[in-house]
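Here is the structure we will look at.
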Amino acid sequence: MKEINNIKIYAEETYEDMSARAAEIFCQELKEKPNGIFGFATGSTPIGLYKELIKRYENGEIDFSGITSFNLDEYYPIKKSSDQSYDYFMKDNLFNHINIRPENINIPNGEASDAQQECLRYEEKINSSPGIDLQILGLGENGHIAFNEPSDSFTEMTNYIELTESTISANSRMFDSTDDVPKHALTMGIGTIMNAKKILLLINSERKAKAAKEALFGEVTPECPASILQKHPDVVVVVDKAVADVLDI
Ligand code: F6R
């Protein structure tokens, strides 16, 4: 483990090693805070971590019955039952396989009739909780975190956004065609994310290396939303070798 710019970075060999390290960090937090509040991410990056968590749950090592979850984001509009929704993703990849209480799961509602109202509701729900103890994050190829896209200012609260062409194209691999990717999303803001007590950022594969370097070692700028994490007091980053090589760590 190295500490650079106040950020702890673990460089692991493979995606599986990265996922196992992330699971260890997550489980440590879960054991210390069995009633804690955990922030989850979707996308391909955390799938290995979720598999590890399921394995440890099945082995009787961990218990999710006391936790509350808040997901980062959701497409808008989208039906929860759609297999492209983040609601579906979380159930499929984690929640249906562990003992989290369904009433303790929070995901922005892609079916809400009013997107702005839904953002307010979600932000209030987070604010009326004791706060997120550990937030899991992935990194976009354009430096986004959650769906906070490069821009000329950092977003504050949960907000309704238009996805950039670059994110639509990156996410089209999960859809039948680029045209099927929703053009909007509901996302925790940068301010919401920065309020989390601890952040666990996972970055793997060469296609993320440039964004990783800018986020961790570049200027803090809303042009690379993840760069704000340099200002968070407790960030742990886990990367695979492809990223570590480019970071030169
Ligand atoms: C997902 C999310 C996104 C992803 C990012 C990386 O909830 O908030 O910011 O973490 O787009 O996606 P993957 O992991 O698919 O490369």
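Readers should treat all values here as calculations from the given coordinates under stated rules, not as data from a laboratory. This one's a predicted model, so the numbers in the text were calculated from it and none came from an experiment. When we count neighbours, we look across all protein chains shown, and the Cβ atoms used for this are built from the backbone with ideal geometry, even at glycine.
Cβ-Cβ distance below 6 Å, separation of 6 or more or different chains: which pairs start in segment 129-156 with a residue that is touching a residue at least 12 places away in the same chain (Cβ under 8 Å) and within 12 Å of the ligand (Cβ to nearest atom) and end on one that is in a loop (DSSP other than H, G, I, E, B) and among the polar types (S, T, N, Q)?
138/45; 148/155; 149/164
Looking at segment 157-170, which of the residues that are away from the ligand (no atom under 12 Å from the Cβ) and part of a loop (DSSP other than H, G, I, E, B) is surrounded by the most Cβ atoms within 10 Å (Cβ to Cβ)?
Applying the filter and picking the extreme gives 158.
Is it the case that segment 1-19 has a residue that's away from the ligand (no atom under 16 Å from the Cβ), surrounded by 20 or more Cβ atoms within 10 Å (Cβ to Cβ), under 22 Å from residue 227 (Cα atoms) and aliphatic (A, V, I, L, M)?
yes
Residues in segment 76-99: is at least one on the phi < 0 side of the Ramachandran plot, away from the ligand (no atom under 16 Å from the Cβ) and buried (at least 20 other Cβ atoms within 10 Å of the Cβ)?
So far as segment 76-99 goes, no, none of its residues is on the phi < 0 side of the Ramachandran plot, away from the ligand (no atom under 16 Å from the Cβ) and buried (at least 20 other Cβ atoms within 10 Å of the Cβ).
Scanning for something in contact (Cβ under 8 Å) with a residue 40 or more places away in the chain and surrounded by 21 or more Cβ atoms within 10 Å (Cβ to Cβ), does segment 56-67 turn up at least one residue?
no
Please go through segment 30-52 and pick out each residue that is assigned to a helix (DSSP H, G or I), more than 16 Å from the ligand (Cβ to nearest atom) and crowded, with 17+ Cβ neighbours inside 10 Å.
30
Kindly provide the set of residues from segment 73-100 that are within 16 Å of residue 112 (Cα to Cα), out of contact with any His (no Cβ under 8 Å at 6 or more places or on another chain), assigned to a loop (DSSP other than H, G, I, E, B) and not small (Gly, Ala, Ser), ordered by number.
Matches in segment 73-100: 78, 79, 80.
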